[in-house]
1. Name the pairs: first residue in segment 205-226 and free of Cβ contacts under 8 Å to residues at least 60 places away in the same chain and open to solvent by less than 40 Å² (accessible area, probe 1.4 Å), second residue of a type in the set (D, E, K, R) and not in a loop (DSSP other than H, G, I, E, B), Cβ to Cβ under 8 Å, at least 6 apart or on different chains?
2. From the set of residues in segment 290-306 that are assigned to a strand (DSSP E or B) and among the basic types (Lys, Arg), which is farthest from ASN343 (Cα to Cα)?
3. Residues LEU259, LEU277: which one is within 23 Å of the chain's Cα centre (by Cα) and either in contact (Cβ under 8 Å) with a residue 24 or more places away in the chain or open to solvent by 30 Å² or more (accessible area, probe 1.4 Å) (or both)?
4. Of everything in segment 455-479 that's touching a residue at least 40 places away in the same chain (Cβ under 8 Å) and farther than 24 Å from VAL517 by Cβ, which residue is surrounded by the most Cβ atoms within 10 Å (Cβ to Cβ)?
5. Residue by residue through segment 72-98, note down the ones that are closer than 18 Å to THR62 by Cβ and not charged (D, E, K, R).
6. I need every pair where a residue in segment 353-374 that is closer than 30 Å to ASN405 by Cβ and hydrophobic (A, V, I, L, M, F, W, C) has its Cβ under 9 Å from the Cβ of a residue that is in a loop (DSSP other than H, G, I, E, B) and open to solvent by 30 Å² or more (accessible area, probe 1.4 Å), sequence separation at least 6 or different chains.
7. Filter segment 42-63 for residues that are more than 25 Å from SER174 (Cβ to Cβ) and under 14 Å from the mean Cα position of the chain (by Cα) and give the result.
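The values are calculated or read from the model by the stated rules, or taken from the named source; none is laboratory data. Just so it is clear, the model here is predicted, and its values are computed rather than measured. As a convention, Cβ positions derive from the backbone with ideal geometry for all residues, glycine included, and neighbour counts pool all protein chains shown. The accessibility values were calculated without ligands, DNA or RNA, using every heavy atom of the protein model including side chains. Shrake-Rupley method; radii C 1.70, N 1.55, O 1.52, S 1.80 Å.
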Amino acid sequence: MIKLCNAFFLISMLWCAVTLAQNDTINRLGKVTIVADSYVRNNVVGQKVTLITGENIVKNPTNLTETLRFNSVVAIRDYGNGGTSSARFRGTSAANTAVLWNGINVNAIGNGQTGLNSLSLNTADEIVIKSGGGSVKYGSGAIGGSIHANDNLYFHKHQNFQLFSSYGSFNTTSNFFKTNLGTETWAIKLGANFNKSDNDYDLIDDRYKDTDGNYLKNSNGDYENYGLNLSVGYQFSEGNSLSFYTTGFKGDRLFSGELPNPSGANEKYIDLNQRNLVVWDVQKNQFSHVFKSAFLTQEYRYFSDKNNIDYDYGKSKRWLFNYDFTYHLTKNTAINAFLDLQNIKGKTNQISEKTREQYAFALGFNSILTKQWRYNLELKKEFNSAFTVPAVFSLGNNYALNDTNEILLNISTNYRVPTLNDLYWPGQGNTTLIPEHSKQVDVGYQYKNDWFTIKSTLFYMNVDNKIIWTPNNNSGVWKPMNLNESLHTGAEFFGGFCYSFSKNHSVDVATNYIYTVAKDAETNKELIFVPRHLFNATVNYQNNIFTAYAQNLSQSKVYTTEDNIDTPGAVLNAFTVFNAGAGVSLLKKGTKSLHVILAVKNIFNQLYLYSVSRPMPGRNYNLNINYKF
């Protein structure tokens with residue numbers, strides 16, 4: 001059967017003059033590790049990739065929003081602490097950011113975005129941030145960048161458990177349990193998490209106080225969510241494995257109010273998400289076959305009055321199948337074909353069910369020409385039942401000047417198709433919209449030795465037919481429209497330092513910075529909610545008993561209207577906030593460890609906002625317990 005598949009697909013590849021290479025699922029470095037989306041770690045060429053580990057995640061355990069804010073160059077727009085939150089790269093929109101779970105794009109069918117606070121990723125083994133376009137691999141929306149959450153399966157004899165619990169200000173608690181079990185033939189990972197908060201912090205804006213001179217409270221901001229994740233893998237033989245991933249999430253949150261009348265808020269929102277993925281990976285001699293099949297459901301319920309049983313809703317279902325075939329011509333050269341089929345159905349109580357089918361075929365070539373030079377070329381064409389989607393490509397190059405210095409270059413085109421809300425939202429949708437199409441260039445430099453890591457990138461992006469929602473000049477009703485063109489230029493930087501003073505003492509530093517200029521090419525006005533400067537840093541010290549860390553986040557002002565006027569409400573001021581934590585190790589014996597850390601957030605009680613009239617929490621505290629056994 002395997003030989004027949006090999007022969008059939010090799011003939012097909014030669015007939016089509018196929019040219020792409022990637023090895024997407026299994027890495028063999030002694031012990032066998034299954035990674036459903038190893039492409040972003042091992043096969044991205046010419047682009048900057050940043051890894052957020054489990055140790056980074058537990059420093060900001062409340063939600064994914066905080067994790068990304070303090071560990072990446074991703075700009076976050078949200079509607080108050082714990083509320084709706086979305087990510088955006090390089091001045092693009094949330095719909096231009098692809099969020100992937102084990103290699104599967106999970107952006108919502110309705111608005112094309114992923115609510116960061118509706119994902120249960122505390123139990124993820126790693127979060128990978130890729131800056132720059134990725135539509136060839138990840139489809140619609142992967143224009144600015146992509147966020148990848150991976151669950152890993154390990155095929156060797158092991159048994160690991162982790163229990164984490166955090167409790168702090170505003171009756172906020174974050175908890176998760178994670179276990180990895182396995183032998184040489186099977187592996188299991190199980191994770192569960194629970195987060196809850198009254199979220200009733202003081203809105204520390206001196207302009208608004210009650211009659212007694214006290215700050216107003218963040219009213220109607222409660223949230224509570226649960227998540228369950230299971231991954232199971234079985235290895236039939238060397239190079240032949242079957243894996244199953246499933247996750248479920250239920251989130252229940254209230255929408256906090258705005259100043260000057262936060263107590264007037266009364267809205268409620270429920271998320272119900274379920275995702276399933278099966279991966280069959282067969283690698284034989286020079287051939288690799290990776291089959292993926294997924295079924296995803298998403299549902300939201302919006303209550304304009306939390307005390308009322310009536311609600312608006314939206315539901316979607318997505319069936320996905322893709323097949324990835326690779327043939328290694330030599331040790332350093334491979335060709336590949338990728339086929340992707342999707343069927344999407346979505347509806348709301350105001351929009352009748354819509355069906356969208358899409359078929360995509362990608363070809364490419366990956367080669368290490370010399371010891372210094374590696375490149376790949378990827379081509380893709382999608383056929384969509386609703387739109388004519390442009391063909392896209394990516395050309396990546398890595399050139400090593402020596403063992404520590406490397407030059408990167410990536411040239412790509414990418415796309416985003418209009419969402420169901422863009423097209424059909426009652427009274428606001430626009431059925432004349434066409435897909436966005438971007439052209440972009442990344443030029444990077446990387447340096448790495450035993451102590452230092454530096455990653456820097458200059459980027460240029462031109463987005464044609466960019467879709468934005470803007471208020472009508474006459475009616476004030478927001479509607480989506482295609483801009484003629486938007487231009488995005490800037491630079492990204494990552495700096496890392498790690499040094500061990502002795503066997504028991506170490507310090508590490510990580511910094512991220514991005515400079516972005518994003519403008520409407522026609523008006524030369526800056527796009528809204530795009531900071532020119534975004535910087536964060538983390539300094540961590542630890543020894544056998546004691547650990548301490550400090551975090552910083554700085555953001556320049558952002559405009560909230562297309563007019564770019566520096567008046568209250570039309571601009572959010574620049575800010576800098578600091579967090580810190582210190583703790584002790586109460587147990588460290590073999591695989592067992594118990595750490596207790598007290599963390600202080602917003603140490604200097606800084607007033608800062610990510611959306612108009614919704615201040616973030618002032619100084620607050622939480623106690624974290626992390627037990628591994």
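1. Filtered contacts from segment 205-226: LEU216/ASP202; LEU216/LYS209.
2. Among those that are assigned to a strand (DSSP E or B) and among the basic types (Lys, Arg), it is ARG301.
3. Numbers: LEU259 fails: within 23 Å of the chain's Cα centre (by Cα).
One residue alone meets the criteria, LEU277.
4. It comes out as LYS479.
5. Within segment 72-98, SER72, VAL74, ILE76, TYR79, GLY80, ASN81, GLY82, GLY83, THR84, SER85, SER86, ALA87 qualify.
6. Listed by first residue and then by second, the contacts come to PHE365/THR19; ILE368/LYS331; ILE368/ASN332; LEU369/ASN332.
7. VAL49
For (1) more than 26 Å from PRO615 (Cα to Cα); (2) touching a helix residue (DSSP H, G or I) at 6+ places or on another chain (Cβ under 6 Å), each residue gets a yes or a no:
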residue: PHE70; (1), (2): no, no
residue: VAL74; (1), (2): no, yes
residue: GLY80; (1), (2): no, no
residue: THR84; (1), (2): no, no
residue: ASN102; (1), (2): yes, no
